[in-house]
Amino acid sequence: MPKVSAKRQITIPIDQCQALGIEPGDMVESFVVDGQLTLVKKSVGAAKGILSHVKAQGFMTDEESLQSVMCDRS
């Protein structure tokens, strides 16, 4: 079981990296929702244009928007 280092770093087990296609140097993003940590492998251009039809609404921050989406999934 991985431990958190003094620098707050975690080593992801190799079998999990292989299952997700994570290689050294890859970028990941982390999210905390309802006390659960989720890591997502970032892929360059993966979402390019996917929201091009959506108009931005300036009354909500990115964090508020993310939280509202994550709460809707519960």
With a point put 7 Å past each Cα toward its Cβ, work out how far residue 6 is from residue 39 in nm, to one decimal. 2.2 nm
If I histogram all Cα-Cα distances within the chain using bins 10 Å wide from 0, what percent of pairs lands in each bin? 13, 37, 35, 14, 2
Run the simple label-point estimate for residue 46 and residue 65 please: 7 Å along Cα→C-beta, distance reported in nm. 1.8 nm
As a test of the formula, what do you get for the chain when each DSSP H run with n ≥ 4 contributes -39,500 (n - 2.57) and the sum is divided by the residue count, at 222 nm and rounded to the nearest 500 deg cm²/dmol? -7000 deg cm²/dmol
Go through the range 32-45 residue by residue and turn each phi into a ³J(HN,Hα) via Karplus (6.51, -1.76, 1.60, θ = phi - 60°); whole Hz please, and just put x for glycine and proline. 10, 9, 6, x, 10, 8, 10, 10, 10, 6, 7, 10, 4, x
Non-local amide H neighbours of residue 33 (under 5 Å, H modeled in plane, Pro and chain starts lacking H): which ones? 38
Between the range 38-65 and the range 1-19, what is the C-alpha centre distance in whole Å? 27 Å
May I ask for the angle, rounded to the nearest 10°, between helix 62-72 and the longest principal axis of the chain, with both axes built from Cα atoms and the value confined to 0 to 90°? 80 degrees
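Since every read-out is calculated from the coordinates, none of them should be taken as a lab result. It should be emphasised that the depicted structure is a prediction, and the values quoted were computed from it without experimental measurement. Neighbour counts run over all protein chains shown; Cβ positions are idealised from the backbone, glycine included.
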